[in-house]
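Colleague: Encoded as structure tokens, here's the structure I'll be asking about.
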Amino acid sequence: MAIKIKTAEEIEKMRVAGRLAAEVLEMIGGHVKKGVTTEELDRICHEHIVKVQGGYPATLNYGSQPYPVELGEDGQPTRPIVGEGFPKSCCTSVNDVVCHGIPNKKPLRNGDIVNIDVTVIKDGYHGDTSKMFIVGEPTPQAQKLVQTTQEALYLAIDMVKPDARLGDIGYAIQKYAEGKGYSIVREYCGHGIGATFHEEPQVTHYGKPGTGVELKEGMTFTIEPMVNAGKRYIKHNKKDGWTVTTKDKSLSAQWEHTLLVTATGVEVLTKRSEENF
Ligand code: MF3
Ligand code: CO
Ligand code: CO
């Protein structure tokens with residue numbers, strides 16, 4: 001399957017979905033503090049997406065029925081949910097959790113780092129974004145990891161324009177993170193996004209210069225580097241089927257944006273008001 005170039009109408013819907021996903025992260029920030037559970041954060045995100053935005057959280061039941069989930073007039077899935085999908089409306093990945101953390105009943109503690117990853121479906125299109133929050137006072141190590149990971153995403157976004165190659169972008173991310181003594185998770189990557197949550201191309205956060213897909217105007221995809229303070233190796237939680245942690249229990253950070261390749265560069269579809277692109 002070829003990489004989809006979005007039409008002007010599709011791009012408009014991607015803008016709306018992207019803005020809504022960004023708004024969820026802006027909204028949830030004030031709730032992330034010592035003592036709150038990630039389950040409570042998930043509940044607040046869910047209510048906001050469904051009741052305020054009239055959207056649907058793409059992670060809820062993800063993997064449990066043929067994708068994309070088809071939504072009826074009422075915004076609810078039209079086909080029965082079968083099997084064990086992701087059970088919550090956002091991913092909350094705390095400390096050594098790399099990604100796909102399931103919101104739970106454990107209260108956040110001072111110094112925890114938490115990634116909240118939100119994907120909103122609106123009018124059939126997806127906006128996917130995540131950011132790191134630090135609970136209370138950050139340790140210098142956590143602060144540096146979180147900041148470096150954000151910088152890696154930002155330098156990658158800066159490279160996005162027609163004819164840029166994904167191998168060059170992946171290489172730049174890898175070089176930056178490894179240059180600070182960190183490692184890049186290889187098993188998960190960014191992805192094309194549109195009417196489907198995950199589509200071509202795969203956007204690895206490592207790579208070989210001068211290789212890979214050439215970007216074209218109208219492509220939409222995510223960049224979402226996962227950076228470990230220790231080694232790059234990961235472990236899957238076999239009990240819950242989702243949670244990914246670092247093998248050496250070191251801290252892990254991630255930031256994600258949904259991007260559009262424009263005629264001259266990039267539009268960050270999930271830009272928050274605190275950001276300047
Ligand atoms: N939002 C994640 C991504 O950035 C995917 C989460 S899938 C889930 O691609 F099932 F774990 F929720
Ligand atoms: Co994504
Ligand atoms: Co995501």
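Colleague: I'd like to know if the range 115-127 contains one or more residues that are farther than 19 Å from S250 by Cβ, more than 16 Å from ligand 2 (Cβ to nearest atom) and open to solvent by less than 20 Å² (accessible area, probe 1.4 Å).
Modeller: Looking for residues that are farther than 19 Å from S250 by Cβ, more than 16 Å from ligand 2 (Cβ to nearest atom) and open to solvent by less than 20 Å² (accessible area, probe 1.4 Å), one finds none in the range 115-127, hence no.
Colleague: So A142 ticks every box in (1) open to solvent by 50 Å² or more (accessible area, probe 1.4 Å); (2) more than 16 Å from ligand 2 (Cβ to nearest atom); (3) closer than 21 Å to C99 by Cβ but one. Which box is left unticked?
Modeller: (1)
Colleague: Moving to a separate point now. Given (1) away from ligand 2 (no atom under 16 Å from the Cβ); (2) under 14 Å from the mean Cα position of the chain (by Cα); (3) more than 30 Å from G35 (Cβ to Cβ), where does G179 come up short, assuming only one miss?
Modeller: Of (1) away from ligand 2 (no atom under 16 Å from the Cβ); (2) under 14 Å from the mean Cα position of the chain (by Cα); (3) more than 30 Å from G35 (Cβ to Cβ), only one is false for G179: (2).
Colleague: Here's something else I'd like to know. Within the set of pairs 6+ apart or on separate chains, which have a first residue in the range 104-127 that is on the phi < 0 side of the Ramachandran plot, a second that is within 16 Å of ligand 1 (Cβ to nearest atom) and among the acidic types (D, E), and C-beta atoms under 7 Å apart?
Modeller: N104/E39; K105/E39; D117/E256; T119/D128
Colleague: Can you confirm whether the range 27-39 contains a residue that is polar (S, T, N, Q), more than 14 Å from T119 (Cα to Cα), at pLDDT below 95 and in contact with a Lys or Arg (Cβ under 9 Å, 6 or more places away or on another chain)?
Modeller: no
Colleague: I'd like to check something: does the range 206-219 contain any residue that is at pLDDT 95 or above and within 14 Å of ligand 2 (Cβ to nearest atom)? First the steps, then the outcome.
Modeller: In the first step, residues of the range 206-219 are kept if they are at pLDDT 95 or above; the result is 206-219.
Right, trim to within 14 Å of ligand 2 (Cβ to nearest atom) and you get none.
No, the range 206-219 has no match at all.
Colleague: Looking at this structure, is Y188 within 16 Å of ligand 1 (Cβ to nearest atom) and surrounded by fewer than 22 Cβ atoms within 10 Å (Cβ to Cβ)?
Modeller: So Y188 fits the description; yes.
Colleague: Filter the range 116-138 down to the residues that are more than 16 Å from ligand 3 (Cβ to nearest atom), within 23 Å of P103 (Cα to Cα) and of a type outside the set (D, E) and list them by number.
Modeller: I134, V135, G136, P138
Colleague: Taking only pairs six or more apart or across chains, which ones have beta-carbon atoms under 9 Å, a first residue in the range 237-260 that is without any contact (Cβ under 8 Å) to a residue 12 or more places away in the chain, and a second residue that is assigned to a loop (DSSP other than H, G, I, E, B) and hydrophobic (A, V, I, L, M, F, W, C)?
Modeller: Within 9 Å, the pairs are N237/I102.
The values are calculated or read from the model by the stated rules, or taken from the named source; none is laboratory data. Please read these numbers as outputs of a predicted model, since none were measured by experiment. Please note: Cβ atoms are built from the backbone with ideal geometry, for glycine as well, and neighbour counts cover all protein chains shown. For the accessible areas, the whole protein counts, side chains as well, though only heavy atoms, and no ligand, DNA or RNA atoms are used. Shrake-Rupley method; radii C 1.70, N 1.55, O 1.52, S 1.80 Å.
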